[in-house]
Amino acid sequence: MTTADGLTFMKRLKRETHAQHVDLVRLPFITSLIDGSLPLAAYVNQLRAFATVFGALEDVVAAGNGSSLRASLGLEGSRFSRLLQDIGCFGMEMIPEIPQVRRTAVAMASRIRLLSLERPGALPGYIYVLQGTILGNRVHLPDVKRNYGLTGTQGASFYAGYGHGADEYWEGFTALLNGAVEGGADAGDIIAAAREAFEFLHDIHSALYPLPTAEEMNFSATGINPEAGNHAVPDDRMEIRAALMAADACRVAYPYFDVRYGERGKRFAQSDAAWLASLVEMPESEVVAQVAWLGGVLSSRGMPRITMEYQLTALYEALVAAHPDRQPEYERLLGAREWLRGERVRRIPEELFDEVVAAFVTASGGELDGALQGMGRIIVSAVCDEAGGIFGAVATVRQWATDGVRFSAGWITAVRETIAHAEKTLAF
Ligand code: HEM
């Protein structure tokens, strides 16, 4: 069926936004991508902006009750996850953020959230524009790979889009949208939303390139982890690198993080470590107060405070290696670690702590032959944290570590007995 002017709705939508599409593809960002001069910083900031926007879009679509909206976002998996994966590939490159891009992406994400509440019928306009990038990205995937020396889809999975499935997806999307308008959806609302989305993307891409001066760019938590809150991180790239290294060291020491929390856990570990590194500007008492707060939050979500003790040590060492002259300030982190340790050994003295852990290591087949090394310390630390007033510290670790789908009966018994053993050992 066609609309009053003899076009299907999708053809009309394309016609009505054609000029904006043309303007967009003529921006220096795109021409430089093609001629190979686009700096990596512009590319990575583009991925960050899209992560902010797709994160909001996928959230509101998942929360809404329109199954056709869900279908229209594609069945090939989340583009938000791909963006996060790609951003993760450049994590160690220390690429600062472009504040203007960040602000516009946040405004676009807020607009999507608002529309989902006030005019959900307009959302397909945003989906059209954002998913339309699959078609343009397909053209530019080779440019991205060539410019940044990427192999396979590593660092370029957002651009790889749905690969050979793109045309099929787009046909399905076209049919869905035409059908929705035939079924009474408000065509005017959808077109207005698509225009708006193009405007946002025009502003984002104009701000991406040419790059602002180095002084105008900065580091932020969301630059490290798009899902993190807008909290402080150091200005100094050596300190950020040190934080990322400390986060990685913690994940190696406690494989539990990767096994339980996967990629998302990795990103939070990094943004949290960067936040911890930013604390050193404060007096030690304030550092302790902040660490106590974050330690409580993380422990109640399954990351007992002993892991933060480890992270603070690793962070201190990496920071001192980066800037030996700042050692006295960095020592404030050790002060906070000592506070955490004090809280723990007050409940179970170190020697007894080690004994309970050692019994678990034996009973758990060497913590599954090292695959979950450190698990005993996590369990016993959770018991100390709970005794220290962190509600839910034990329950969240127990729930995961006694899951019969994941673990053998022998392991589960060892976990339960270790919790009971530690609880009996508590000093008070
Ligand atoms: C953020 C940037 C971009 C956005 C938001 C965007 C959006 C869209 C949309 C919504 C469509 C669907 C048009 C339809 O209704 O069929 C589309 C198609 C297309 N885009 Fe883009 N696009 C972007 C960048 C690019 C770039 C850089 C190129 C390459 C120069 C490009 C090339 C194409 C092509 C070849 C098609 C499909 C062919 C067509 O039917 O006209 N796009 N794009």
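The values are calculated or read from the model by the stated rules, or taken from the named source; none is laboratory data. Computed from a predicted model, the values in this text were never measured in an experiment. Using ideal geometry, Cβ is built from the backbone for each residue, glycine included, and neighbour counts are taken over all protein chains shown.
Tabulated values for the structure
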{"quantity": "Criterion violated by GLU227 - all others in (1) in contact with a Gly (Cβ under 9 Å, 6 or more places away or on another chain); (2) among the charged types (D, E, K, R); (3) assigned to a helix (DSSP H, G or I) satisfied", "calculated": "(3)"}
{"quantity": "First in region 335-360 and farther than 15 Å from LYS424 by Cα, second anywhere and outside any helix (DSSP H, G or I), Cβ under 6 Å, 6 or more apart", "calculated": "GLU343/GLY388"}
{"quantity": "Test: residue in region 62-76 that is within 16 Å of the chain's Cα centre (by Cα) and not small (Gly, Ala, Ser)", "calculated": "no"}
{"quantity": "Residue tally, condition crowded, with 17+ Cβ neighbours inside 10 Å, among the charged types (D, E, K, R) and touching a residue at least 24 places away in the same chain (Cβ under 8 Å), over region 134-160", "calculated": "2"}
{"quantity": "All positions within region 257-293 that are among the hydroxyl-bearing types (Ser, Thr, Tyr) and under 18 Å from the mean Cα position of the chain (by Cα)", "calculated": "TYR261, SER271"}
{"quantity": "Total residues in region 161-177, condition part of a helix (DSSP H, G or I), touching a residue at least 40 places away in the same chain (Cβ under 8 Å) and away from the ligand (no atom under 11 Å from the Cβ)", "calculated": "4"}
{"quantity": "Candidate set from region 23-40 (those that are without any contact (Cβ under 8 Å) to a residue 40 or more places away in the chain and within 12 Å of the ligand (Cβ to nearest atom)); member that is farthest from TYR148 (Cα to Cα)", "calculated": "ARG26"}
{"quantity": "Condition met for TYR128 (touching a residue at least 60 places away in the same chain (Cβ under 8 Å), within 16 Å of the ligand (Cβ to nearest atom) and of a type in the set (Phe, Trp, Tyr))", "calculated": "yes"}
{"quantity": "Lone unmet requirement of (1) within 16 Å of the ligand (Cβ to nearest atom); (2) surrounded by 15 or more Cβ atoms within 10 Å (Cβ to Cβ) for ASP189", "calculated": "(1)"}
{"quantity": "Filtered residues of region 232-255 (kept if over 18 Å from the mean Cα position of the chain (by Cα) and outside any helix (DSSP H, G or I))", "calculated": "PRO234, ASP235, ASP236, TYR254, PRO255"}
{"quantity": "One residue from ALA194, ALA160, ALA207, ALA156 being touching a Cys at 6+ places or on another chain (Cβ under 9 Å) and of a type outside the set (Lys, Arg)", "calculated": "ALA156"}
{"quantity": "Unique match (being closer than 22 Å to ASP86 by Cα and within 13 Å of the ligand (Cβ to nearest atom)) among LEU47, LEU13", "calculated": "LEU47"}
{"quantity": "Criterion: of a type in the set (Asp, Glu) and closer than 18 Å to TYR256 by Cα - qualifying residue of ASP325, ASP385, ASP354", "calculated": "ASP385"}
{"quantity": "Where MET108 falls short, out of the listed (1) surrounded by fewer than 16 Cβ atoms within 10 Å (Cβ to Cβ); (2) within 15 Å of the ligand (Cβ to nearest atom)", "calculated": "(1)"}
{"quantity": "Top-ranked residue in region 395-414 [being hydrophobic (A, V, I, L, M, F, W, C), in contact with a helix residue (DSSP H, G or I) (Cβ under 9 Å, 6 or more places away or on another chain) and without any contact (Cβ under 8 Å) to a residue 40 or more places away in the chain; ranked as surrounded by the most Cβ atoms within 10 Å (Cβ to Cβ)]", "calculated": "ALA401"}
{"quantity": "Yes/no for LEU115 being crowded, with 16+ Cβ neighbours inside 10 Å and either more than 21 Å from LEU201 (Cα to Cα) or away from the ligand (no atom under 16 Å from the Cβ) (or both)", "calculated": "yes"}
{"quantity": "Pairs, first at pLDDT 80 or above in region 60-85, second surrounded by 15 or more Cβ atoms within 10 Å (Cβ to Cβ) and assigned to a loop (DSSP other than H, G, I, E, B), C-beta under 6 Å, six or more apart", "calculated": "VAL61/LEU73"}
{"quantity": "Residue in region 250-259 that is touching a residue at least 40 places away in the same chain (Cβ under 8 Å) and within 16 Å of the ligand (Cβ to nearest atom) present", "calculated": "no"}
{"quantity": "Some residue of region 258-273 being buried (at least 22 other Cβ atoms within 10 Å of the Cβ), assigned to a loop (DSSP other than H, G, I, E, B) and not assigned by TED's automatic domain parsing to the domain that holds PRO99", "calculated": "no"}
